[in-house]
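The values are calculated or read from the model by the stated rules, or taken from the named source; none is laboratory data. As the structure is a prediction and not an experimental result, all values here were calculated from the model. Here the Cβ is made from the backbone with ideal geometry for all residues, glycine too, and neighbour counts use every protein chain on show. Ligands, DNA and RNA are stripped out before the accessible areas are found, and what is left, the full protein with its side chains, is counted by its heavy atoms. Shrake-Rupley method; radii C 1.70, N 1.55, O 1.52, S 1.80 Å.
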Amino acid sequence: MEVGNMQTLPEGRRKYIMSYNALRGFAAAGIFFSHMSYLGKSDMAFWRELYRFFMSPGSYCSSFFYILSGFLAVFTWKDISFQKYMSGKMKKIYPLALAVLLLAIGVDVVMGGSETVSGSISVGSREWWFNILMGIIMLKAFIPVESTFYSFHGPSWYLSALVVFYVLAWFIVPRLVGNGEQERQEKNQTVIAVIYICVCAYVMQAALCFIVDLKCSGGGIRLWLTYVNPYFRIFGECFLGMIVALYADKSRLASSSGNLAKAAAVLFALLALLASSRDSSSIWKAWIHSFPNVLLLLAFYNDKGKIADILHTKPCQFLGNISFELYMTHAFVYEGIPIAAGILSSRWQGWIVSHAGTRFVITMVLAVLFAWMVHMVLAMVGKKAAEF
């Protein structure tokens, strides 16, 4: 999930695209909804069907964040040192990532090895410590074992690919946006190389998806190949975002302030999500959704029009502002509510589990409040750190 603001480019492009911030919030909400799997087991058909057709595909919104991250890497680039570049990114990402990891470790130790937290791996075992190490250095998504890439805090697998992309971006982006006659040839060569790598990544991922489906292999390796796959996330989706940023100014769709294009892009994205709930083929997991996501970036690039004005409203911007915190903390809320109810009494736990709709409403409200509180705390800590 891309974090931070969009700054002015050396060429003088606009500072901040508020519509992207709101879209980021809706994408985070989509991922949150996809994790409410208990609704699929509800006694009420309404909640079962709502989850199956409208909420479960929300996990595919992760594609939007990777493409947006690649886009913003080019859009916000400034000629700064690698140390300053990475420290700025890590100050926004690592404190919360580490806090979430430590909290998950604490919960796992107290519960004596929870299936939800660590996949029932024995506390203190070699694999347990290895998973902690991968979480600390944020490389767990590169290990194609489900008990590792989903260990302790499942959603944080996303950060592994993102951090590696940021390192690559520092070397690549200056060569993509360089100015001057001497740099023009190097820039063209870099653009061609990025496009070539991106196309190859998409072709290889499509082939992997089809092969996996034909061979019907299951388990964590299938999930890793078709969904987590950090190599595709970096060289496919993040690189695609960089390419879109390079050519957005030349797109008619990006220069249009009309509402029709924006409405069509939103509708296309929603239809793609709905279609993925009806098609179980792996190609939907991290491939097809790239196309509607690119259209969303282009359609809202100029940040004008009535639909954009809706996204500029305080509720939409609020959701966008807490999107990273919501993504990183919501798992503790939806997993913690039945546990907390069970501490009070087994009767309360049974009631909260059986009343799926009520549990969902409570979870949604508490998750947003918790994310907002974490967002405010991190903002205050960051402000005090800046004063020193």
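Observations
- When the chain is treated as a Gaussian network with alpha carbon springs shorter than 10 Å, the biggest mean-square fluctuation among M36, M204, M138 belongs to M204.
- Furthest towards positive pole of dipole, C198, G320, I234, structure part the chain, Cβ charges: G320
- Neighbourhood charge, 15 Å Cβ-Cβ cut-off, centred on I211 and excluding it, Lys, Arg +1 and Asp, Glu -1: +2
- With an a/c value of 1.5 or above and a/b larger than b/c for the gyration tensor axes a ≥ b ≥ c computed over the alpha-carbon atoms, the range 204-271 is described as prolate.
- The lysines within cross-link reach of K41, meaning a Cα-to-Cα straight distance under 26 Å and a gap of 8 or more places when in the same chain, are K285.
- Folded to 0 to 90 degrees: helix 82-111 orientation relative to the chain principal axis, Cα: 10 degrees
- Most mobile of N321, N259, N21 in a GNM of the chain (Cα contacts under 10 Å): N259
- Computed over the range 20-121, the range of Cα coordinates on each principal axis works out to 57, 36, 18 Å, biggest value leading.
- Contact order for the chain, expressed relative to its length and based on alpha carbon pairs under 8 Å spaced 6+ residues apart, stands at 25 percent.
- Sequence of T76, T313, T329 when ordered by accessible area, the most exposed leading, probe 1.4 angstrom: T313, T76, T329
- Between S277, S56, S290, the Gaussian network model of the chain with springs among Cα atoms under 10 angstrom shows the greatest mean-square fluctuation at S277.
- Prolate/oblate/rounded call for the range 126-229, Cα gyration tensor, a/c under 1.5 rounded: oblate
- Across all C-alpha atoms in the range 257-311, the radius of gyration and Dmax reach 12.6, 37 Å.
- Against the chain, whose longest principal axis comes from its Cα atoms, helix 62-75 is set at around 30 degrees.
- Hits among lysines - C-alpha to C-alpha of K304 under 26 Å, sequence gap 8 or more where chains match: K15, K78, K250, K262, K314
- Its residues counted as N, the chain yields a C-alpha radius of gyration over 2.2 N^0.38 Å of 1.00.
- Radius of gyration and maximum dimension Dmax of the range 239-340, Cα, Å: 16.7, 54
- In this view, the solvent-accessible surface of E146, computed with a 1.4 Å probe and all protein chains in place, comes to about 80 Å².
- Residue-span extension gain [A263 to S87] - 0.36 nm each, minus C-alpha spacing: 59.6 nm
- Distance (nanometres) between label positions extended 7 Å along Cα→Cβ at L271 and Y247: 2.3 nm
- Hydrodynamic radius (Kirkwood) for the range 60-114, which is based on Cα pairs only, to one decimal in Å: 13.9 Å
- Calculated FRET value between I195 and K78, using beta carbons and R₀ = 30 Å, to 0.05: 0.80
- Leading residue at positive end of dipole, the chain (Cβ point charges), from W287, I343, A263: A263
- Neighbourhood net charge (14 Å Cβ-Cβ; Lys/Arg +1, Asp/Glu -1) for Y38: +2
- Taking other residues whose beta carbon is less than 11 angstrom from the beta carbon of V228, and scoring Lys, Arg as +1 and Asp, Glu as -1, yields +3.
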